[in-house]
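**Q** Below is one structure. I have some questions about it.
The values are calculated or read from the model by the stated rules, or taken from the named source; none is laboratory data. A quick note: this is a predicted structure, and the numbers were derived from the prediction, not measured. Cβ coordinates were reconstructed from backbone atoms using ideal geometry, including for glycine residues, and neighbour counts include every protein chain displayed.
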Amino acid sequence: MTMSSPGKKLYTVLIVPLIIFLVLPIFAGSYLLHIMIFIFFYAYLSQCWNILSGYTGQFSLGHAAFLGVGAYTSSFLFSQYSLTPWVGMFIGALVSLCVGLFIGHICFRFGLKGAFFALATMAFAEILRILFLNLPSMGGAQGLLLPLRGNAPLLYQFEGKAPFYYIALIMMLVSVAVAYAIERSKTGFYFKAIHQNEESAEALGVDTKKYKVIAVGLSAAMTAFGGTFFAQYFMYIQPDNTYSTFVSFDIMLRSIIGGMGTVAGPVIGSFILTPLAEITRSFLGGKSGAHLMIYGLILMAVCIFLPQGVYPGIKKWLTRFQSE
Amino acid sequence: MLHVNEINVHRGRVRVLKNISFRITEGEICSVVGPNGAGKSTLINSISRILPLKSGSIHFCGQNVGRLPPHSVVELGLVQIPEGRRLFRSLTVLENLEMGGYQGEGKRKRSETLQMVFSLFPILKDRKYQCAETLSGGEQQMLAIGRGLMCLPKLLMLDEPSLGLAPLIVRIMFDVIERLNRNGMTILLVEQNARKSLSISDRGFVLENGLITMSGKAEEIASNEHTKKAYLGL
Amino acid sequence: MALLEVQKLSKHFGGLTAVANNNFVVNQGEILGLIGPNGAGKTTIFNLISGFLRPDQGTIVYKGKEIQGLTPHEISRRGLMRTFQTAQAFPYMTTLQNVMVGGFMHDRNRKRVEKSALETLEFTGLVEQKEKKAENLTIGDSRRLEIAKALAGRPSLLLLDEVMAGLNETEIAEAVELIKKIRDRGTTIFIVEHVMQAIMSLSDRIIVINYGRQIAEGSPEKVAKDNRVIEAYLGEEYVIE
Amino acid sequence: MESVKIIQKGTFIVLVFLFVFGLLPGESFAEPQKIKVGIVVSKTGPVAFMGRDALLGFEFATDRVNGAGGIKSLGGAKLELVVGDNESKPEVGMSETERLIKEGVSALIEGGVSSIGFAVTQVAEKHKTPMLVPLSVADAITERGFKYIFRLDFKASWTARDTLRCVKWLGESSGKMAKTLGLLTEDTMWGQSTAKAWKSLAPKYGFKVAGHFPYSKKVQDISPTISKLKAARPDIVLQCSYLNDAVLITRTMRELDFNCMARIACGGGHSDPRFIENVKDLADYIFVLHMWHHTIKGPGTKIQDTNAAFKKRYGEDINDWASYCYDAILVLADALERAGSTDRQKLRDALAKTDMNIEDSDIIHPFPMRFDETGQAPAICPITQIQKDGEFTVWPPENAARWPIYPMPTWKERGMR
Amino acid sequence: MNLDTIFQALVSGILTGGLFALVAIGLTMILGVLKIVNFAHGEFLMLGMYLTYYCYNVLGIDPYLCLLISIPIFFLFGVAIQRILINPVLKSPMEIQILLTLGLFFFLQNAALFFFGPYLKSIKTGYARAIISIGSVNFSSTKLIMFLFSIAFTLVLYVFLKKSDLGKAIRACSEDSYGAMLVGINVRNVYMIAFGIGTACAGAAGTLLMPVYYVDPYIGLTFVMTAFVVVVLGGMGNYIGALVGGFIIGLTESLGAALFTASLKQLATFVIFILILLLRPTGLFGARRM
């Protein structure tokens, strides 16, 4: 099992889309950039989710909690103490890490699994949402409005879209790199082992609880960076658009559609789902509800016809096609 | 009565049963002997139609059952008492038995069969309103058999009926099996305790690694050197 | 010298006594067999020793230290490893990756772990199956894999739980050879097995349990002649009252 | 290697995707014959009902402007509405605003709740595209130093001011001065900020706050809150409620026999015509602060005529949201006329110089339409009372159509218990 | 704190609790028998309310009479959904099942928006005006009817599950579907019937709720979230647990609103939820017990 030759090939294959992505802002309009930012951003978040739920198999329905904690921490520090979000995002990640470790610790300590863990994470996110709705110091329901400072790169604020585009791109690439590194490391082996057979992993010396908590913590901290990006891009956050269950759904859908537990899944999922939402909305937005109906239909179709996600499904189909 | 013809069964991508063929004639007890994981339970489950056949056919009383859903197979009188009993643990003993006579003929004759089961296992009558899970292992096995009898089987397939039971209970089980047989029921018996099961059987075969490696009269198998060594601990 | 010493070990499930007051030792370098009827408590004893169950009573001393109450991964890190009755591989990983999971216990360097995992596969005769997904292995190979995974963790005491169930005669012979080879490398083995020919030829000593109680202990020859053992396990006719 | 295949296929998907989007035209500006006006409203999502009403206002006004010959200084160019759906979510609103700007609209009009207003105004400002704000009321929207944002309607805090002025006027004119206020608000941005304003303003007008009772608008049963309100015995209940909770509260108040001198509700659900539809006569005597009401007394019959034309076409009166959206189009048309250009910069400058009023233009709000340096118009909030035979403007007195019934009779006196 | 307020809160809590129980019983049946976490359950409730609304406003059928229509219609609707959508994913991993019900959720919600419009709708019946006062405690007669029907419905369902063959078969399947198959129960049919009954419960709850509440396309999620809490509280697949759990959550919410503020009351619900998950994951009354 040598990596050198396929490895080289991998780099050459990677380089083409990378160059396209790098030069895209030169000729792309603002709208296309905006969509691309969304794609990268959701690919990033979904990859964070994937690290926990795809690899370790601990299904989270409450990733909005970590997004919200990240967004609120950096934005609060920025609006109250003028701390640049570049620093704030690391503090946000730290806070989110603590929240993640806390949630992970108590859930796994009591041995929550499967649907129970999923519902518990959803409840935690709801608790945070209700809490922040009622915390006047965090802006309560009014949310936090970030002070506009014009073009201030040092404060994570930019005139145009291109800087956000590059930040989102870098975030996505970093998350992919992290997932790739994890997949090949001891930790990744342990994550997958826990997913596939927890008892057996335990017998092979894997501290399953510790590694599950690590997965939650890592995923939470990474998601928090996304929160800061979200806040800086929109310049306005409120509990209902950060902690909402729908945000969690949005995050996880991309991974599931693309293929859970694969490095490429979340990215592919985001490249499918984000434009899909845009396209259905611009073509079917005329009649209320029509495009989201289609969206729901597509989700159901994926479940029934491509239950492993689009990427593994297509791969399977392709190999069958080739062999015939 | 039962004619299994060249069946192949896969679990995942592993071929568990390889071209298995055998017949069971009415009124006999037939034992399947073999090591763990050889495919004995898979065999029974494919006859019960829980597992799909890759190829081959199964005929029961002249009817092809290879495509029927599991519940129709039961209705025909081809009933399995599964390994691990699979009782409805929070249902009462009576409810468990009633579920046995859930459909067709079994439902119509429910009260008669119930009397028959209670006379066979008087202890169940005493425990009628208890939850199944509060029974002891032996009682649970009796209930499992009783529940199977409620389906009015023509051919009863028992998967490891003595598993984890005390010797005394095992004896009762085998007594019951013999008694049922004497009353005209055909029985297919899968047993870990090969010596015991062969001793009450008319015929038997050895299933190893998904293949039938030996078949014939029960005494022949019991006296064979290989089986003696491998399964009879002699 | 006693590598593992079990004293007054008991475990109840609800009203059922699964293991009652067991006392035995596993000596350094031996192969100890454990037999008994289904449901006699063999697997429960393995679960108690390997930390998957907590004993209600009793002590388990391994390498001079009490280990009851430790979690399974802590115990396996001390060199006491086990296999499972039903082969429990990681179904979507390749054989090699399965073994690597065990190998990561002592080393985080992927290259080195991969190398030693290959050696383990070689040793267990699985090297040709290294790229195969575990779910697609045959029964024989998945039993080997079960052993290989544990071996990758370099155990000093290996608990083997029915690793020969479902194997044919040649495979059983191979497995016996493999287990002997493992012992010769210096690993002590404690084995539960139903295949009589194997356990009789492998074991230095055998413990027989029934209803959670030890009913006999000694050399294979002695145990095979023991009346209680024949009655409870080997399947002699029961005395009719 | 598996990963290589993943990447290959990923690249393929990316290329297909870029191809599809690459085919879409880049930024281009509309032909002068048609002036594209971008509208971002909630067509779906929880506030979709609002978007629907807003669209009626937009459509009606657009047809009116176009029917009267379009923008004359641009050769009779017609307005063309390009509508984007924000799905009641800020981020989608941003995305749609981006899309509309890309499609080359000359100006944008927002039509949603404040949280979305924040997000979309930011996009407009960034792209230096003028945006009219007819519906969002959060104070901060015009307090961020933006240059391209013009708000026609009032700030949220002004509703607190105007309701308290009304309460005081009610007391003075009837001689029965109320002393204590009970605040019953939903707990999102709108309710919380209004309650805050009420609390800080109440002493200035001589009132005491007897209690503040926030609740979630998704409430499944409101009776505990109402029974707490009842225990606090306020003279006046001031409310911020959406439609569903307004219906629930009104029913529950009768159920628990809660009485007070007056209930004054800030727009929202109470100003929705479907409120009365859903509670029928339970709604009587409630004062409702509106953005606008068709019974406002204005000069001549202009308001009545416009409303009649609207009603003829859509079968309903112009409601609050539609009224501001209607005016927004007129303000935009006026600015386009004066700018004589669809250039966004020129249009912005023209908008900043807007000066219209109800006497000599078609707008239907009885206050001068001009924007201060923050882009805020000096809007007032008329207050109506729901009476047996309909809903009528009762405050401010100079625009009132009826005299208020104050204090309101109890449920028993009304024979409803 | 005023004592009247507490009494009022207690009564309202119990009345609402009955409804929560009815919604949760449907959900718990689907969870217990099919092991499906059904996010679309609230949408069935929402559709039930629309059905009642149109029956009343267009056909002039009394809302309580409409139960006779909504229960069979929603039963058949549930059967169809199970056959077409749920059956293919029964053996899929949990995340796919969740994704499917989420897809269904999006679809139904927006279909309602598409066909019924975004507006809030409510109905006004003559007897909705009647109010019952006991001392200082007041409540409308419709709430009482809703409560009584919910309880009656739950009890009928309980007796059905306890006494009838089909009911026992449903319980048998939720215990051990494999064992059920082996005694000749048509498990596929039982799954369909169980899903149908679960859906019918939601539909009936919608009908009962209509005279008290209002409907718009978005009300489903709030109810389904509460119902999840109730289900976990009572133990998955536990019908009496769902009934008791419904009362507990109803009381928690109304007392929470009375003692703290209404906007924080849901916090109490979710905190209870997490505590139950952690300390008694099988629910207060254990999972899958009658």
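**Q** Name the single residue that is farthest from D:A119 (Cα to Cα) among those in the stretch D:171-195 being aliphatic (A, V, I, L, M) and surrounded by fewer than 24 Cβ atoms within 10 Å (Cβ to Cβ). So that I can check it myself, show each step before the final result.
**A** Of the residues in the stretch D:171-195, the ones aliphatic (A, V, I, L, M) are D:177-178, D:181, D:183-184, D:189, D:195.
Filter again for surrounded by fewer than 24 Cβ atoms within 10 Å (Cβ to Cβ), leaving D:177-178, D:195.
Values: D:M177: 42, D:A178: 40, D:A195: 23 Å.
Of everything passing the filter in the stretch D:171-195, D:M177 is farthest from D:A119 (Cα to Cα).
**Q** Go through the stretch C:34-59 and give me each residue that's of a type in the set (S, T, Y), more than 16 Å from the chain's Cα centre (by Cα) and crowded, with 19+ Cβ neighbours inside 10 Å. Working first, answer last.
**A** At the first step, the residues of the stretch C:34-59 found to be of a type in the set (S, T, Y) are C:43-44, C:50, C:59.
Filter once more, keeping what is more than 16 Å from the chain's Cα centre (by Cα): C:59.
The answer is none; no residue qualifies.
**Q** Within the stretch B:120-234, which helices (runs of 4 or more DSSP H) (wholly inside it) include 1 or more residues that are of a type outside the set (K, R) and touching a Ser or Thr at 6+ places or on another chain (Cβ under 9 Å)?
**A** Working: elements: B:122-126, B:137-150, B:167-182, B:194-200, B:218-223, B:225-231.
Of the helices (runs of 4 or more DSSP H) lying wholly inside the stretch B:120-234, those with at least 1 residues that are of a type outside the set (K, R) and touching a Ser or Thr at 6+ places or on another chain (Cβ under 9 Å) span B:137-150, B:167-182, B:194-200, B:218-223, B:225-231.
**Q** Now for a different question. Give me the residue from the stretch C:39-58 that is among the small types (G, A, S) and in contact (Cβ under 8 Å) with a residue 40 or more places away in the chain and, out of that set, nearest to the other protein chains (Cβ to nearest Cβ).
**A** First, pick out the residues of the stretch C:39-58 that are among the small types (G, A, S): C:39-41, C:50-51, C:58.
So of that shortlist, the ones also in contact (Cβ under 8 Å) with a residue 40 or more places away in the chain come out as C:40-41, C:50, C:58.
Values: C:A40: 8, C:G41: 10, C:S50: 7, C:G58: 21 Å.
For the stretch C:39-58, the residue satisfying everything is C:S50.
**Q** Still on this model: Out of the stretch E:177-189, which residues are in contact with a Cys (Cβ under 8 Å, 6 or more places away or on another chain) and either surrounded by fewer than 24 Cβ atoms within 10 Å (Cβ to Cβ) or farther than 15 Å from B:E98 by Cβ (or both)?
**A** Start the filter on the stretch E:177-189 by keeping residues that are in contact with a Cys (Cβ under 8 Å, 6 or more places away or on another chain), which leaves E:180, E:183-185, E:187.
Listed by number, the list holds a single entry, E:V187.
**Q** Does any residue of the stretch C:84-95 turn out to be touching a residue at least 60 places away in the same chain (Cβ under 8 Å) and more than 10 Å from chain A (Cβ to nearest Cβ)? Quick ask: steps written out before the conclusion?
**A** Going residue by residue through the stretch C:84-95, those that are touching a residue at least 60 places away in the same chain (Cβ under 8 Å) are C:84-85, C:89.
Pick out the ones that are also more than 10 Å from chain A (Cβ to nearest Cβ) and you get C:85.
Yes: one or more hits.
**Q** From the list C:M100, C:M81, C:M105, exactly one residue is in a strand (DSSP E or B), in contact with a helix residue (DSSP H, G or I) (Cβ under 9 Å, 6 or more places away or on another chain) and within 10 Å of chain A (Cβ to nearest Cβ). Which is it? Walk me through how you get there before you give the answer.
**A** Values: C:M100 fails: in a strand (DSSP E or B); C:M105 fails: in a strand (DSSP E or B).
Every option except C:M81 fails the conditions.
**Q** With E:Y64, E:Y56, E:Y50 as the choices, which residue is touching a residue at least 60 places away in the same chain (Cβ under 8 Å), closer than 28 Å to D:N278 by Cβ and not in a helix (DSSP H, G or I)? Give the steps one after another, and end with the answer.
**A** Working: E:Y56 fails: not in a helix (DSSP H, G or I); E:Y50 fails: not in a helix (DSSP H, G or I).
Exactly one of E:Y64, E:Y56, E:Y50 is touching a residue at least 60 places away in the same chain (Cβ under 8 Å), closer than 28 Å to D:N278 by Cβ and not in a helix (DSSP H, G or I), namely E:Y64.
**Q** Exactly one of these conditions fails for E:S133: (1) away from chain A (no Cβ under 14 Å); (2) crowded, with 19+ Cβ neighbours inside 10 Å; (3) modelled with pLDDT under 90. Give me its number.
**A** With (1) away from chain A (no Cβ under 14 Å); (2) crowded, with 19+ Cβ neighbours inside 10 Å; (3) modelled with pLDDT under 90 applied to E:S133, the lone miss is (2).
**Q** Return the total of residues in the stretch A:108-122 being surrounded by fewer than 24 Cβ atoms within 10 Å (Cβ to Cβ), within 9 Å of another protein chain (Cβ to nearest Cβ) and part of a helix (DSSP H, G or I).
**A** Qualifying residue count, the stretch A:108-122: 7.
**Q** If you check E:N87 against the conditions, is it assigned to a helix (DSSP H, G or I), at pLDDT 85 or above and surrounded by fewer than 20 Cβ atoms within 10 Å (Cβ to Cβ)? Outline the logic, then answer.
**A** On the way: assigned to a helix (DSSP H, G or I): yes; at pLDDT 85 or above: yes; surrounded by fewer than 20 Cβ atoms within 10 Å (Cβ to Cβ): yes.
Spelling it out, E:N87 is indeed assigned to a helix (DSSP H, G or I), at pLDDT 85 or above and surrounded by fewer than 20 Cβ atoms within 10 Å (Cβ to Cβ).
**Q** Can you pull out the residues in the stretch C:25-38 that are touching a residue at least 24 places away in the same chain (Cβ under 8 Å), away from chain B (no Cβ under 14 Å) and either assigned to a helix (DSSP H, G or I) or more than 18 Å from C:F84 (Cβ to Cβ) (or both)?
**A** Going through the stretch C:25-38, the residues touching a residue at least 24 places away in the same chain (Cβ under 8 Å) turn out to be C:26-37.
Next cut, away from chain B (no Cβ under 14 Å) only: C:26-32, C:34.
Correct list: C:V26, C:N27, C:Q28, C:G29, C:E30, C:I31, C:L32.
**Q** For the stretch D:111-129, which positions are at the interface with chain A (Cβ under 9 Å from one of its Cβ atoms) and either under 13 Å from D:G145 (Cα atoms) or part of a helix (DSSP H, G or I) (or both)? Walk me through how you get there before you give the answer.
**A** First pass over the stretch D:111-129, keeping only residues at the interface with chain A (Cβ under 9 Å from one of its Cβ atoms): D:114-115, D:118-119, D:122-123, D:125-127.
Within the stretch D:111-129, D:S114, D:S115, D:F118, D:A119, D:Q122, D:V123, D:E125, D:K126 qualify.
**Q** Check whether at least one residue in the stretch A:189-204 is in contact with a strand residue (DSSP E or B) (Cβ under 9 Å, 6 or more places away or on another chain), buried (at least 17 other Cβ atoms within 10 Å of the Cβ) and within 14 Å of chain C (Cβ to nearest Cβ), and report yes or no.
**A** Residues of the stretch A:189-204 that are in contact with a strand residue (DSSP E or B) (Cβ under 9 Å, 6 or more places away or on another chain), as a first pass: A:203-204.
Next, from what is left, pick out any that are buried (at least 17 other Cβ atoms within 10 Å of the Cβ): A:203-204.
Right, trim to within 14 Å of chain C (Cβ to nearest Cβ) and you get A:203-204.
Looking through the stretch A:189-204, at least one residue is in contact with a strand residue (DSSP E or B) (Cβ under 9 Å, 6 or more places away or on another chain), buried (at least 17 other Cβ atoms within 10 Å of the Cβ) and within 14 Å of chain C (Cβ to nearest Cβ).
**Q** Determine whether the stretch C:15-29 contains at least one residue that is at pLDDT 90 or above, aromatic (F, W, Y), under 12 Å from the mean Cα position of the chain (by Cα) and surrounded by 16 or more Cβ atoms within 10 Å (Cβ to Cβ).
**A** No, the stretch C:15-29 contains no residue that is at pLDDT 90 or above, aromatic (F, W, Y), under 12 Å from the mean Cα position of the chain (by Cα) and surrounded by 16 or more Cβ atoms within 10 Å (Cβ to Cβ).
**Q** What's the number of the only condition in (1) within 14 Å of chain B (Cβ to nearest Cβ); (2) more than 23 Å from B:L152 (Cβ to Cβ); (3) touching a Ser or Thr at 6+ places or on another chain (Cβ under 8 Å) that E:E175 fails to meet?
**A** (2)
**Q** Scan the strands (runs of 3 or more DSSP E) fully inside the stretch B:1-48 and keep the ones with 3 or more residues being hydrophobic (A, V, I, L, M, F, W, C) and under 24 Å from E:Y178 (Cβ atoms). Talk me through it step by step, then tell me what you get.
**A** Values: elements: B:2-11, B:14-24, B:29-33.
It comes to B:2-11, B:14-24.
Yes or no, residue by residue, for (1) away from chain E (no Cβ under 14 Å); (2) crowded, with 22+ Cβ neighbours inside 10 Å:
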residue: B:M99; (1), (2): no, yes
residue: B:L120; (1), (2): yes, no
residue: B:T134; (1), (2): no, no
residue: B:G138; (1), (2): yes, no
residue: B:G146; (1), (2): no, yes
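**Q** Considering every residue within the stretch D:219-233, establish whether at least one is more than 9 Å from chain E (Cβ to nearest Cβ), touching a His at 6+ places or on another chain (Cβ under 9 Å), part of a helix (DSSP H, G or I) and hydrophobic (A, V, I, L, M, F, W, C).
**A** no
**Q** Restricting the stretch A:147-167 to residues that are assigned to a loop (DSSP other than H, G, I, E, B) and surrounded by fewer than 22 Cβ atoms within 10 Å (Cβ to Cβ), which is nearest to the other protein chains (Cβ to nearest Cβ)? If you could, list the steps in order and put the result at the bottom.
**A** In the first step, residues of the stretch A:147-167 are kept if they are assigned to a loop (DSSP other than H, G, I, E, B); the result is A:147-151, A:156, A:158-161.
Keeping just the survivors that are surrounded by fewer than 22 Cβ atoms within 10 Å (Cβ to Cβ) gives A:147-151, A:158-160.
Working: A:P147: 9, A:L148: 6, A:R149: 11, A:G150: 10, A:N151: 10, A:F158: 9, A:E159: 7, A:G160: 8 Å.
By that ranking, first place goes to A:L148.
Here is a yes/no grid of residues against (1) in a helix (DSSP H, G or I); (2) surrounded by fewer than 24 Cβ atoms within 10 Å (Cβ to Cβ); (3) not assigned by TED's automatic domain parsing to the domain that holds D:K168:
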| residue | (1), (2), (3) |
| --- | --- |
| D:A308 | yes, yes, yes |
| D:E316 | no, yes, yes |
| D:S323 | yes, no, yes |
| D:T342 | no, yes, yes |
| D:R348 | yes, yes, yes |
| D:T410 | no, yes, yes |
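**Q** Might you check whether a residue that is of a type in the set (S, T, Y), crowded, with 22+ Cβ neighbours inside 10 Å and farther than 30 Å from A:A215 by Cβ occurs anywhere in the stretch A:31-48? Show your work before the answer.
**A** The initial filter retains those residues of the stretch A:31-48 that are of a type in the set (S, T, Y), namely A:31, A:42, A:44, A:46.
Keeping just the survivors that are crowded, with 22+ Cβ neighbours inside 10 Å gives A:31, A:42, A:44, A:46.
Subset that is farther than 30 Å from A:A215 by Cβ: A:31.
Yes, the stretch A:31-48 has at least one match.
**Q** Out of all the residues in the stretch A:273-286, is one or more without any contact (Cβ under 8 Å) to a residue 60 or more places away in the chain, crowded, with 24+ Cβ neighbours inside 10 Å, within 12 Å of chain E (Cβ to nearest Cβ) and outside any helix (DSSP H, G or I)?
**A** No, the stretch A:273-286 contains no residue that is without any contact (Cβ under 8 Å) to a residue 60 or more places away in the chain, crowded, with 24+ Cβ neighbours inside 10 Å, within 12 Å of chain E (Cβ to nearest Cβ) and outside any helix (DSSP H, G or I).
**Q** Out of the stretch D:251-278, which residues are within 14 Å of chain E (Cβ to nearest Cβ) and part of a loop (DSSP other than H, G, I, E, B)? Can you show your working first?
**A** Of the residues in the stretch D:251-278, the ones within 14 Å of chain E (Cβ to nearest Cβ) are D:251-259, D:268-278.
Once the filter is applied, which keeps residues that are within 14 Å of chain E (Cβ to nearest Cβ) and part of a loop (DSSP other than H, G, I, E, B), the stretch D:251-278 yields D:L256, D:D257, D:F258, D:N259, D:D272.
**Q** Out of all the residues in the stretch D:319-333, is one or more in contact (Cβ under 8 Å) with a residue 40 or more places away in the chain and farther than 17 Å from D:V133 by Cα? First the steps, then the outcome.
**A** First, the residues of the stretch D:319-333 that are in contact (Cβ under 8 Å) with a residue 40 or more places away in the chain: D:319-333.
Now drop any that are not farther than 17 Å from D:V133 by Cα, which leaves none.
No, every residue in the stretch D:319-333 fails to be in contact (Cβ under 8 Å) with a residue 40 or more places away in the chain and farther than 17 Å from D:V133 by Cα.
Here's the yes/no breakdown for (1) closer than 30 Å to E:G13 by Cα; (2) not hydroxyl-bearing (S, T, Y):
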{"site": "D:T142", "(1), (2)": "no, no"}
{"site": "D:S157", "(1), (2)": "no, no"}
{"site": "D:C166", "(1), (2)": "no, yes"}
{"site": "D:V209", "(1), (2)": "yes, yes"}
{"site": "D:P224", "(1), (2)": "yes, yes"}
{"site": "D:S227", "(1), (2)": "yes, no"}
